[in-house]
Amino acid sequence: MADDAEKTEAPSSKKIQKAREEGSVSKSPELVGFIGLVVSFVVLFVIFPFWVSEFKKLYIQSVNLFSLDFTEMNVYGLALMGFKVLAITTLPFFAALVVAGVIGNVAQIGFLLSFKVLTPKLEKIDPIKGMKNVFSLKKLLDGILITLKVAIAFIVAFFIFLGFLKDLPGISRSNLYVQTHWFYDKALILIGVLLFIFLVMAVIDFLVKRYQYIKSLKMSKQEVKDEFKQQEGNQEVKAKIRQLMMKNAMSKMMAAIPTANVVVTNPTHYAVALRFDGDKDPAPIVVAKGIDNLAIRIKGIAREHDIEIIENPPLARELYRVVDVSRTIPPTMFEAVVVLFHEVAKLEQAKGKVPNFMKNIKKKH
């Protein structure tokens with residue numbers, strides 16, 4: 001029992017899907033943040049000239065205002081232009097960040113829309129559990145990891161910056177154009193190194209979060225067995241259902257034997273009961289078939305109802321092999337069955353009976 005209680009089994013696809021529907025997924029905020037950071041730098045370099053152009057226009061407009069009277073309309077126009085410049089310069093940046101956040105999440109978990117996360121739960125507002133979550137070991141470890149990541153990034157950036165200091169004496173004596181390009185090149189180097197560090201951290205965080213997520217969904221052996229029973233159904237119940245279905249089918253087959261015109265046998269191992277009603281049947285139909293003990297029972301019922309029993313081993317074996325119960329015989333066997341029914345007709349005529357099925361066979365075929 002102790003072993004079964006231990007969650008040692010990998011989670012099934014059903015459990016993962018159920019957790020996903022409830023909004024529980026493996027997601028790394030570090031990876032989303034890294035993608036947002038990369039997009040931020042790309043957008044910044046792309047739209048920076050546009051920012052310069054717009055702020056230049058705003059500056060010129062502000063300078064021109066000094067040559068005008070400070071009327072309410074002029075101040076209002078300058079403020080409106082300032083809000084316009086702020087909007088058109090910041091909205092593309094924030095829109096790109098939103099898109100980056102969506103891409104970062106979809107790339108990890110796919111498209112997921114779950115409303116169960118929004119369902120209010122009493123345990124979420126439990127202050128005791130809330131305090132436990134705040135001061136939990138997991139929160140402490142997360143805080144230590146964040147501090148460690150920031151420290152690593154700061155230390156690396158600090159040493160890179162120290163390497164740049166040796167160029168300062170020469171750059172300080174250069175013109176503004178050279179200084180600007182030097183600063184631009186060094187900034188790119190620093191950004192590239194930091195992005196690489198953040199990428200490594202994001203990948204590690206993603207793998208750790210994935211491991212923790214799978215571990216949290218692990219199942220015990222008993223849970224695996226219970227889920228298998230739910231998916232496949234209780235094997236004992238299914239076996240019982242199959243037994244009942246077979247019993248019902250057997251009862252139905254035995255009840256149909258009295259409607260047969262003839263039983264063709266092997267003679268001992270096979271027995272196949274055939275019926276042909278010209279008003280209902282398009283061709284002779286196998287109403288029952290069986291081997292060994294079942295064949296004996298079929299012949300016994302046939303004798304009770306005075307149904308002809310004819311030995312024809314090849315035909316009996318072929319009918320048993322090819323034709324299912326309640327199915328008509330195939331066209332390839334019709335000629336042999338007609339011969340059989342002719343023999344039945346002779347036997348019944350000898351007993352003073354009038355076999356009506358022969359004219360029906362001729363009529364149908």
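The values are calculated or read from the model by the stated rules, or taken from the named source; none is laboratory data. Remember, it's a predicted structure, so these values are computed and weren't measured experimentally. Note that each Cβ is placed from the backbone with ideal geometry, even for glycine, and that neighbours are counted across all protein chains shown.
Residues to consider are Leu37, Leu44; find the one that is among the aliphatic types (A, V, I, L, M) and free of Cβ contacts under 8 Å to residues at least 60 places away in the same chain. None of the others qualify; the one that does is Leu44. If the condition is being closer than 13 Å to Lys289 by Cβ and over 41 Å from the mean Cα position of the chain (by Cα), then region 241-251 contributes only Met250. Scanning region 2-50 for residues that are basic (Lys, Arg) and in a helix (DSSP H, G or I) turns up Lys14, Lys15, Lys18, Arg20. Put simply, of Glu236, Glu232, Glu223 the only residue that is modelled with pLDDT under 85, surrounded by 15 or more Cβ atoms within 10 Å (Cβ to Cβ) and of a type in the set (Asp, Glu) is Glu223. With respect to the conditions (1) closer than 30 Å to Ile35 by Cα; (2) surrounded by 11 or more Cβ atoms within 10 Å (Cβ to Cβ), Ala151 falls short on a single one, namely (2). For Val263, the requirement of being part of a helix (DSSP H, G or I) and not hydroxyl-bearing (Ser, Thr, Tyr) is not met. Suppose we filter Lys149, Lys132, Lys121, Lys166 for residues that are out of contact with any helix residue (DSSP H, G or I) (no Cβ under 9 Å at 6 or more places or on another chain), at pLDDT 75 or above and of a type outside the set (Ser, Thr, Tyr); which single one remains? Checking each option against the conditions leaves just Lys166. Only residues that are over 15 Å from Thr268 (Cβ atoms) and among the charged types (D, E, K, R) were counted in region 279-324, giving 9.
Of all residues in region 295-310, those that are assigned by TED's automatic domain parsing to the domain that holds His269 have Cβ atoms under 8 Å from Cβ atoms of residues that are charged (D, E, K, R) and in a helix (DSSP H, G or I), 6 or more apart or on another chain, in Glu308/Glu348; Ile309/Lys299; Ile309/Arg303; Ile310/Glu343. Phe198 fulfils the conditions (1) at pLDDT below 85; (2) farther than 24 Å from Glu22 by Cα except for a single criterion, (1).
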